[in-house]
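Read the structure below first, then the notes.
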Amino acid sequence: MRISLKIKLIFPIFLFLLLLFSFEIILLLRTQNKLVERIYREKSEAIFQSLNIGLGLVPNLENPEELFLIIQKVLFSNPEVIEINISALTKRGPKILASSEPSLINTFPSSEDLQILEGKISSVAKKEKKNGKEIYSFFFPLESKGKVIGSCNLKISFENLQKICQEFKIKLVILFGGSFFFLFWFFYFFIQREILNPLFKLKRSIEEIAKGNLEAKIKIEKKDELGEVGEGLDKMREKIRDLTENLRLKIKEKSQQLEEKIKELERAKEEIEEAKLILEIKVAARTKELEELNKNLEWQIKERTKELQKKVEELEKFQKLTVARELKMIELKKQIEELKSKLKNKNL
């Protein structure tokens, strides 16, 4: 699968910017959350200090009416505080002495209040849900003469601050989104203008050269590496053009020489044809002479063969006569021997 060079260059930049801005947004939001928590805590401590000053006028938290008035003053001056509970250890056990919620008075306090009353923890903060809203609940010890005499629970809703933070988040996302697209398009046009356009121009020039148009000049008007590449390719194009022209001239010269050689070969072929024709005529004449000579030689051989045959027959006749003569002489010699033996016997 072929992937465009533009995508190969733009996609990593897009991914890098996306990750960078996402990281920045997450970092800023985390910083904002920590800042909000810090603001909540400092605000709650400031409210607690003002509350603690008022509670100092009520020794040992013995007057619930005075405690209720102090709570109301704090609620009036701090609208973000939605609930205040003051707990203490009584003869009947731990209970809530005063509260902005009358229904909670004389009820059992929370586990955090108990831990503060027992001296197990100094202060604690946590997030809670109340009426579908997220609030921060802070627990502080109430002290008198260095001893813990009660605990105070402040429930603070920073709804307005949260709205401001939410608007800040939206504006932050819009700002970073706009910055992201601005930088992305900036890099896109920069790469398009400084890298891709010269490369595409270089590609078109190379395609023209590949088609055989060696007069197509390669012009990359850039004083950088791409410009050097274009200049080098253009010099290479000129060298190829010169080499091609020289090669064409040499081919033309060799072609002319080859045509002359072909003409010479044709002339030599004609001469060979003529010599071949003359040789065929001579061979035919000589063959005819040899055939006639062969006929004469056959007649002479036949005649000579007849003569030799006659002589052989005469020799055979002579041989037969000679053999008969010798046989006759042998027989005569035998008869002579027999006569001699007979004569000899008579003489005896």
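Might you check whether a residue that is within 60 Å of the chain's Cα centre (by Cα), surrounded by 10 or more Cβ atoms within 10 Å (Cβ to Cβ) and polar (S, T, N, Q) occurs anywhere in region 242-254? Within region 242-254, one or more residues are within 60 Å of the chain's Cα centre (by Cα), surrounded by 10 or more Cβ atoms within 10 Å (Cβ to Cβ) and polar (S, T, N, Q). Taking (1) in contact with a Phe, Trp or Tyr (Cβ under 9 Å, 6 or more places away or on another chain); (2) within 25 Å of ARG38 (Cα to Cα); (3) not hydroxyl-bearing (Ser, Thr, Tyr) in turn, LYS95 satisfies each apart from (2). Please verify whether GLU238 is among the acidic types (Asp, Glu), within 30 Å of LEU199 (Cα to Cα), at pLDDT below 80 and exposed (fewer than 11 other Cβ atoms within 10 Å of the Cβ), treating the condition exactly as stated. Against the criterion (among the acidic types (Asp, Glu), within 30 Å of LEU199 (Cα to Cα), at pLDDT below 80 and exposed (fewer than 11 other Cβ atoms within 10 Å of the Cβ)), GLU238 does not qualify.
When region 115-138 is filtered for residues that are surrounded by 18 or more Cβ atoms within 10 Å (Cβ to Cβ) and more than 60 Å from the chain's Cα centre (by Cα), the ones remaining, listed by number, are ILE116, LEU117.
The values are calculated or read from the model by the stated rules, or taken from the named source; none is laboratory data. Please read all numbers here as calculations on a predicted model, not as lab measurements. As a convention, Cβ positions derive from the backbone with ideal geometry for all residues, glycine included, and neighbour counts pool all protein chains shown.
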